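Encoded as structure tokens, the structure appears first; notes follow it.
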Amino acid sequence: MAANTSCLEEELSCAVCCEIFKDPVTLHCNHSFCKACLDQCWKEKGTRECPVCRRRASIEDPAVDFRLRNIVECFLKDHSEKPPAPPGMLCSLHEEKLKLFCVDDEEAVCLVCQTSEKHENHKLRPVQEAVRNYKGELKTALEPLRDKLKTFNKVKAQCDETAEHIKKQAQQTERQIKEEFEKLHQFLRDEEKARIAALRREEEQKGRIMKEKIENITREISSLSDTIRVIEQELEAEDIFFLQYKDTKRRAECTLQDPQCVSGALIDVAEHLGSLKYKVWEKMLGIVQYTPVTLDPNTAAPWLTLSEDLTSVRFSDEWQQLPDNPERFDSYVFVLGSEGFTSGKHCWDVEVGNKTDWDLGVTKESSQRKGEFTVNPGAGYWVIGLRGGDQYWAWTSPWSTGLTVEKKPQKIRVQLDCDVGEVAFFDSSDMRPLYTFKHRFTDRMFPYFSPCFNEVGKNSAPLRVCPVKTVIKVD
């Protein structure tokens, strides 16, 4: 059949032939063509000759070769029932199925490739066996990736949670800033009203004095004017009558004293405007407080509640949904101050009141904050505490040291001297020493607080950082 389908190799289109090679015709020269292709060829050339051998055809309208058509139909039917192999299933060199896997070259090969020089002395395995082994290896390698994906998903969830918490923090902080500034604005408005009122009072008082002064002078002016008018009339009288006025000389003798200028009659402008901003600021100290330590809410355990001004902390009965950031304690009810110290001497007083349990001290910046750990100098914590309402302890290493305290302190002073290397604790009321740690501090040190857990309503009072008195010093 290949010899008879010469129209596929000459001028006629292969695609067209494959599509319409259903009515084949055979010329006397024994060359076969599909009838449509032959008619098109004759039409284009204008001559009725064989496209292959150029012999003139003796038949004007060749008849269909049914034998050849049957062969073509059988061929097309056979190829339509046998779908071509998927790409990659056959060897690109030998058109054979890839049944083996070369372990050395890590590629699939056919049976012919097996005997080639390229794969001589190579280790070959059946494709199924190689697939099974590689799937096992891939599954093993997949587990760390799945674990890594879980880690990334967990961190992403934490980041989403943190982003949401940032929005809440910003909103709450903005609200508090506005409230604090509104207090300052209200103070300034009240102070403005008070000072303007004082100015009005002075104006009224000194205006009243000047009014009285003006009225007195007006009366004296009127009296003098009357006296002058009378004397002038007497001066115009006849001589004999003028001599009869015995009181004329007496009237001319004025006994009134000259009017005096009023001292201090003007508004004391300097009193109202002198150092006005400074005086208002000085008075403002009466409504503001300064605390040497501000608590850091980003370190507070979820069981703790901080006051809005970040100066007190208490244990809460409700666990708060907070981001698990690296700075935050998660297992213990601890919170740190917001500012760390590397040098100098620093102290702060903490009101403990009648709490039955509490811890106070300092910790280094690199100390552990997650999971369970021991609170002692070995772990980077220099702390004293109260347990059960009457047992005072210094959390030393490796054992705790009991403290003898004669009178229960209401306030504890923590004093950190980074240069000397000392953390000392005192009863703030009389500065009786309670305990002193000595250590050479190399890290940044942060104030440490723990109100401890509540027990059936007990120990619910907060720990509060006490404000200090602000002194204005003018050089």
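Structure above, values below:
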{"read-out": "Asp226-Val269 FRET efficiency (beta carbon distance; Förster radius 41 Å; 0.05 resolution)", "value": "0.50"}
{"read-out": "Full-extension gain in nm, Lys139 to Val471, via 0.36 nm per residue minus C-alpha separation", "value": "112.3 nm"}
{"read-out": "Loop sites in segment 309-354: chymotrypsin sites (Phe, Trp or Tyr not before Pro), DSSP, at most 11 other Cβ within 10 Å", "value": "Trp319"}
{"read-out": "Net lengthening on full extension, Met89/Ser397 (0.36 nm per residue, minus Cα-Cα)", "value": "103.7 nm"}
{"read-out": "Cleavage-rule hits (GluC sites (Glu not before Pro)) in segment 347-406: DSSP loop, at most 10 neighbouring Cβ within 10 angstrom", "value": "Glu372, Glu406"}
{"read-out": "Rounded accessible area of Ser429 (nearest 10 Å², 1.4 Å probe)", "value": "80 Å²"}
{"read-out": "Segment 292-424: C-alpha gyration tensor shape, a/c 1.5 cut-off, then a/b vs b/c", "value": "rounded"}
{"read-out": "Rounded to 10°, Cα long-axis angle of helix 127-235 versus longest principal axis of the chain", "value": "20 degrees"}
{"read-out": "Ordering of 141-154, 411-424, 374-387, 115-128 by packing [mean C-beta count within 10 Å, highest first]", "value": "374-387, 411-424, 115-128, 141-154"}
{"read-out": "On Cα atoms only, tilt of 66-81 relative to the major axis of the chain in degrees", "value": "40 degrees"}
{"read-out": "Student exercise, segment 284-398 dipole from Lys, Arg, Asp, Glu Cβ charges, in Debye to nearest 20", "value": "340 debye"}
{"read-out": "Cα-based reach from Lys97 at 22 Å (exclusive), listing lysines while leaving out same-chain residues under 8 positions away", "value": "Lys82, Lys118, Lys123, Lys135"}
{"read-out": "Low-density loop positions, chymotrypsin sites (Phe, Trp or Tyr not before Pro), segment 410-475 - DSSP coil, at most 13 other Cβ in 10 Å", "value": "Phe453"}
{"read-out": "The chain: angle of helix 35-45 to the longest principal axis, Cα-based, in degrees nearest 10", "value": "90 degrees"}
{"read-out": "Difference of contour (0.36 nm per residue) and Cα-Cα distance, Leu235 to Lys45", "value": "52.1 nm"}
{"read-out": "Entries in Lys345/Lys411; Lys178/Lys283; Lys407/Lys458; Lys156/Lys370; Lys364/Lys411 that, when Cα-Cα distance is taken, lie over 25 Å", "value": "none"}
{"read-out": "Within straight-line cross-link reach of Lys45, aspartates and glutamates at Cα separation under 17 Å, skipping those fewer than 8 residues along the same chain", "value": "Glu10, Glu11, Glu60, Asp61"}
{"read-out": "Förster-model FRET efficiency, 41 Å R0, Ile217 and Glu192, C-beta, rounded to 0.05", "value": "0.65"}
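The values are calculated or read from the model by the stated rules, or taken from the named source; none is laboratory data. For clarity, every value in this text was computed on a predicted model and none was experimentally measured. When we count neighbours, we look across all protein chains shown, and the Cβ atoms used for this are built from the backbone with ideal geometry, even at glycine. Ligands, DNA and RNA are excluded from the accessible area calculation, which covers all protein heavy atoms including side chains. Shrake-Rupley method; radii C 1.70, N 1.55, O 1.52, S 1.80 Å.
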